1. Given the residues 85, 63, which is the only one that is open to solvent by 60 Å² or more (accessible area, probe 1.4 Å) and in a helix (DSSP H, G or I)?
2. Is it the case that some residue within segment 200-215 is in a helix (DSSP H, G or I), at pLDDT 90 or above and not hydrophobic (A, V, I, L, M, F, W, C)?
3. Among the residues that make up segment 249-266, is at least one of them in a loop (DSSP other than H, G, I, E, B) and at pLDDT 85 or above?
4. I'd like the full set of residues that are among the basic types (Lys, Arg) and buried (at least 21 other Cβ atoms within 10 Å of the Cβ), limited to segment 1-59.
5. Check whether at least one residue in segment 99-114 is in contact with a helix residue (DSSP H, G or I) (Cβ under 8 Å, 6 or more places away or on another chain), farther than 30 Å from residue 252 by Cα and either hydroxyl-bearing (Ser, Thr, Tyr) or at pLDDT 80 or above (or both), and report yes or no.
6. Kindly indicate the residue of segment 247-265 that is open to solvent by less than 50 Å² (accessible area, probe 1.4 Å) and of a type in the set (Val, Ile, Thr) and also nearest to the chain's Cα centre (by Cα) among those meeting that condition.
Amino acid sequence: MISSFIITFRETLEAALIIGIILAYLIKTKKIKYNNIVYLGIVSAIIASVIGAFLFSMLAGGFTGRAEEIFEGVAMLFAAFLITFMIVWMLNQKHIVVNLHEKVDKEIDEQHRAGLFFLVFISVFREGIETVIFLGAASFVSAENNILGALLGIIAAIILGYAIFVWSKNINIKAFFNVTSIVLILFAAGLVAHGIHEFQEAAVIPYVIEEVWDINPAVTTEGVYPLLHEKGIIGSLLKGLLGYNGNPSLLEVLFYVVYLVVIFFVYRRIEGNGSVKG
């Protein structure tokens, strides 16, 4: 539930911030007559995202056995790639407000109402499709990632997005994105490891060493799972949020660690370039 909440919260907030920037700029430049185009773009993108979610669920439910394991593995790795791309893209958006203002100006000055519509549509639709893929991959990892957490994340993001729109000077949005980026990076690392696990289950790649360790002890006589068991209180939370595995293979551990190391160096390089430019 927590990972579903974070995913939809982060994605919905990104969309809300972009829309908030566009609407605030239209108000500032006294061009609110274009607001209806923005609203139409939002509604259209939401409908398209719902259709995308339906098609994804239909596709995911059409596989069984080995094909299902391969599909889940591909979906997890693709979701991890998208999360990584999203975070790296956000780190590079030092002037996102200025860029959006320039795009809006261009479309309005050239009387391209369709251009403003598609700017809004693509911004929201991109977040919607990413959410669909991320939630689908999260559901493969743990059944605890459910629709309730996703809905709560959307509601919370809309509320915070409105608060930022009204009281933007009082909210440290950069700190928020830094924290959620760390959580999502760990979540993506877990998706990479679980994707490798699915490929091993499907015999696409070898295990090498099937279990590096095993801290999934047997259930107690009372039928209660130990805390660190994948179905225990702490274990299930870590599995849904960070891709925790109580008995990982050697390749799962290696890919998890390598992913985090690569992302760390990418982050350092981006931050270093930003410091030099500043």
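1. 85
2. Checked segment 200-215: at least one residue is in a helix (DSSP H, G or I), at pLDDT 90 or above and not hydrophobic (A, V, I, L, M, F, W, C).
3. Within segment 249-266, the subset in a loop (DSSP other than H, G, I, E, B) is 249.
In the following step, the residues that additionally are at pLDDT 85 or above were identified as 249.
Yes.
4. As a first pass, look at segment 1-59 and keep what is among the basic types (Lys, Arg): 10, 28, 30-31, 33.
Passing the criteria: only 10.
5. no
6. Of everything passing the filter in segment 247-265, 263 is nearest to the chain's Cα centre (by Cα).
The values are calculated or read from the model by the stated rules, or taken from the named source; none is laboratory data. Predicted, not measured: the structure shown is a model, and the values here were computed from it. Ideal geometry is used to build each Cβ from the backbone, glycine not excepted, and the neighbour counts take in all protein chains shown. Calculation scope for accessible area: heavy atoms of the full protein, side chains included, ligands and nucleic acids excluded. Shrake-Rupley method; radii C 1.70, N 1.55, O 1.52, S 1.80 Å.
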